[in-house]
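Input: a single structure, listed below in structure tokens.
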Amino acid sequence: MAFLWRKKRRFGSLEEKHRDYIAQLFRERALFEVPMKNYTTIKIGGPADCMVFPENPDELIHLIKYAKSESLPVTVIGYGTNLIVKDGGIRGITINLSKGFKGLEIEEGEKNIYITAGSGIPLARIVRLGMDNGWSGVEPLSAIPGSLGGAIMMNAGTHEGSIGDIVDAVWIIDGDREKVLNRESLKFDYRSVNIQRNHPVVKVRLKLKKGDREEIKAKIQELLRYRKETQPLNYPSCGCIFKNPRKISAGKLIEDLGLKGVRVRGAKISEKHANFIINTGKATAKDVLALIELVREKVKEEKNISLETEAVIIGEE
Ligand code: EPU
């Protein structure tokens, strides 16, 4: 009887044998039953069964191989700045790249500078490096939150350009090996890249150009000011919810339909920028997803446009 009880004992949906194995391997770098609201900027999301903070490619390969052999799902996250986790949380292993992968190497040529940086580095640090040294190419990325790895997966950007414009190479883990994707094999599109989701980005090489330090600084400061003026940065959110349909700002479209301020319980369409849904305090993923559906339906009905989410939605109901 006792044996049967032990055998069936689970932590969330994770069997005890998996928990023991991962805890023994990663010690304080493995957490169990973690509320995802603590790992997303919109501060929403049910528990992840298991969250691991690997620090090098070998640990990543080991984890991914283990998960595959035990048929456990793997989810890779960065700083959670563009992420909505459903209220039922995430099964299997959640790999969090935000604490490891912080290496930084700089090669300075005559005209170009190559920065090779770990995926766990904040994008803001790269922008700061460019600003302080007069290295051009980082300007369009100013004021974008998130990690370098996350920025690659989303091809993060603004109207001024995207990270894909300055990427020279990306190292990822593909199954049981590290693989380098060079410029020619990478295809960046509006908020997307041809790297499969949940294939962890390990590091990235960016190519910048020597430029005028004052000009670069002024551009970055202007973008920071614009963002502060036009976006609700003092509320929990996950950035823009929808991708802009061709040539139109989703925010303008939503505002024109009179939807600013509309809420579903704790989730509200920002009065400042209508492509932001803010968590006013006690929003659940269910509230946010209901608000997303409400907007999509209204936009389809009134404008015959199908809005696609930019925010990545994961997890179980
Ligand atoms: N506008 C409105 N009402 C709104 C929002 C915008 O009328 O509620 C108007 C603005 O006045 C402006 C135009 O729409 O004339 C464009 O607005 P904005 O400059 O804010 O740009 P956006 O297209 O709404 C994009 C990115 C943002 C990025 C800004 C600034 C997308 C989905 N969004 O927004 O990125 O910060 O440009 O460059 O591409 C994100 O990706 O998470 C994000 C916030």
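No value in this document is a laboratory result; all are computed from the given coordinates. Note that the structure is a prediction, hence the values are computed from the model and not measured. Cβ placement follows ideal geometry from the backbone for every residue including glycine, while neighbour counts extend to all protein chains displayed.
Toward the positive end of the charge dipole of the stretch 1-121, with +1 on the Cβ of Lys and Arg and -1 on the Cβ of Asp and Glu, the farthest Cα among GLY100, GLN24, SER119 is that of GLN24. Span-like helix check, the chain: no full DSSP H segment qualifies, none having both a Cα axial length of 30 Å or more and a mean Kyte-Doolittle of 1.6 or more. Taking each DSSP H run with n ≥ 4 as -39500 (n - 2.57) and averaging over every residue of the chain yields -9000 deg cm²/dmol at 222 nm.
Remark: spin-label model distance GLU316-GLU184 equals 4.5 nm, labels positioned 7 Å along the Cα→Cβ axis. Only Lys, Arg, Asp and Glu carry charge here, each on its Cβ (+1 for the first two, -1 for the last two); on that basis the chain has a dipole of about 720 debye about its Cα centre. Restricting attention to the stretch 60-203, close to 85% of DSSP beta bridges with both partner residues there are antiparallel. The alpha carbon centroids of the stretch 150-226 and the stretch 236-280 are separated by 26 Å.
So, by mean Cβ neighbours within 10 angstrom, what's the order for 50-58, 260-268 with the highest one leading?
Working: 50-58: 19.6, 260-268: 17.6.
Ranking the peptides 50-58, 260-268 by packing returns 50-58, 260-268.
The label point for LYS68 and the one for ARG227, both projected 7 Å from the Cα toward the Cβ, are 3.6 nm apart. In the stretch 204-292, taking the dipole from charged Cβ atoms about the Cα centre, the farthest positive-side position among GLY266, GLY251, GLY211 is held by GLY211.
The DSSP beta bridges internal to the stretch 1-126 are antiparallel in roughly 60% of cases. The ranking of ASP165, ASP189, ASP87 by Cβ neighbour count inside 10 Å, starting from the fewest, reads ASP189, ASP165, ASP87.
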